[in-house]
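Asker: This is the structure, below, for whatever I ask next.
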Amino acid sequence: CRALRAAIAALIALGLLLWWLLSMGGAPSPGGRVTLATGVPTGVYARYGELLKQDLSSDMPGVDLRLTRSEGSIDNLRQLTSGRAEFTIATADAVATYQMQGEPGADRLRACARLYDDYLQLVVPKGSTVRSAKELRGLRVGVGTDGSGVQLITRRLLEAAGLDFDRDVEPVRAGIDRMPGLLEHGRLDAFFWSGGLPTGALQQLAKRFPVRLVQLGDLVEPLHRQGERTRYYRAAVMPADAYPRVQDGQAVKTIAVANLLVTMDGEDAALTEGVTRALIRSRDGIGRAVHAAQKVDLRTAVFTDPLALHEGARRYYVSEKP
């Protein structure tokens, strides 16, 4: 009996010790090097990543967040599934395409949060006669780099416009880091871009060279007729003040698609919970520099179709419920 009482007392003492350690923050905090794949240097993904890194260093000082550049959403997913990154940003349509094509690791992708929407932007010189994507036939068109979400949706938009990507336009495979300069120097007639509002590279171009945004609203219905792969696109309007130098006070009808913060199913739950928490809490700070980030919201962040939430992210959202 004496041995039994001693054993029970020891278990009680151990339980009290564990409770005290946890209540005092004794559980180890995530640490080590973590990589976030972003995008081209002049795009919104890259700027968003830079600002998130700053906030994460305060919330999770043990985590050394490294940023890597990429060609865009599809390239980001490849970096993630190959183990070159632990987190990334990708558009919902790119994730769905990656899944439908059965790419390696696609079944293990998980989401941390829905972020902001990308808006499709068709940019032409201000004096251009192009008023619809249907009028791009025979022109030199910037379509995004191979492996980018921009090129993925550009191919679908051109199909919706009744144009063949390879035969009806001269596709120039360049990203937002190069397309503005090519347009400015007369080596492009137009370019497509999919990004948050406003995109810095387009703002800078407008200071040097007069450009105009072409409406894409007439492509919404034919785009949706392409079937399941296009259900992630929605009709949207770029507000008149998105690019004051470009829009002359006019709103522009276009198409939008959601961005997701993505990780793998085997990622550490405590790390994923902490990253998700830092992401949501940093909205206002990041939003002062990247206006698109102001759209990140706790109430909508859980709608991450076509991906399920990672367990760590789910744990964070449950903890935030009133």
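The values are calculated or read from the model by the stated rules, or taken from the named source; none is laboratory data. Bear in mind the structure is a predicted one, so any value in this text is a computation, not a measurement. As a convention, Cβ positions derive from the backbone with ideal geometry for all residues, glycine included, and neighbour counts pool all protein chains shown. For accessibility, only protein heavy atoms count, side chains too; no ligands or nucleic acids. Shrake-Rupley method; radii C 1.70, N 1.55, O 1.52, S 1.80 Å.
Asker: Once Lys and Arg get +1 and Asp and Glu get -1 on their Cβ, which of 73, 148, 42 lies farthest toward the positive end of the dipole of the chain?
Answerer: Farthest towards the positive pole: 42.
Asker: Mind ranking 224, 185 by accessible surface for me, highest first, 1.4 Å probe? Can you show the working numbers first?
Answerer: Working: 224 85, 185 135 Å².
Output order, biggest surface exposure first: 185, 224.
Asker: What size of dipole, in debye to the nearest 20, comes out for segment 118-258 about its Cα centre when the only charges are +1 on Lys and Arg C-beta atoms and -1 on Asp and Glu C-beta atoms?
Answerer: On the way: 20 positive and 16 negative charges, 33 e Å.
The calculation lands at about 160 debye.
Asker: Using the Cα atoms of segment 118-258 to build a convex hull, what is its mean projected area in square nanometres?
Answerer: Values: hull surface 29.5 nm².
Averaging across all directions leaves 7.4 nm² for the Cα convex hull.
Asker: How much accessible area does residue 302 have with a 1.4 Å probe, in Å² rounded to the nearest 10?
Answerer: Per-residue accessible area (residue 302): approximately 50 Å².
Asker: In addition: Any idea what angle helix 149-160 forms with the longest principal axis of the chain, computed on alpha-carbon atoms, 0 to 90 degrees, nearest 10?
Answerer: Between the helix axis and the principal axis of the chain, the angle is about 50 degrees.
Asker: With the other protein chains left in place, how much accessible area per residue, in square angstrom, belongs to the chain at a 1.4 angstrom probe?
Answerer: Using a 1.4 Å probe on heavy atoms only, each residue of the chain averages 47 Å².
Asker: Which whole-number percent of Cα pairs in segment 191-300 have a distance greater than 16 Å?
Answerer: Details: 4151 of 5995 pairs.
The share of Cα pairs beyond 16 Å in segment 191-300 comes to 69 percent.
Asker: Over the Cα atoms of the chain, how large are the radius of gyration and the largest Cα-Cα distance (Dmax), in Å?
Answerer: Looking at the chain, its Cα Rg and Dmax stand at 22.9, 95 Å.
Asker: Also, I was wondering about something else. How much of the accessible area of segment 118-258, probe 1.4 Å, is carbon plus sulfur, in whole percent?
Answerer: Working: 2740 of 5890 Å².
Its accessible area is 47 percent carbon and sulfur atoms.
Asker: Here's a follow-up. Treating only the Cβ atoms of Lys and Arg (+1) and Asp and Glu (-1) as charged, compute the dipole magnitude of the chain about its Cα centre; round to the nearest 20 debye.
Answerer: On the way: 41 positive and 36 negative charges, 97 e Å.
So the magnitude is around 460 debye.
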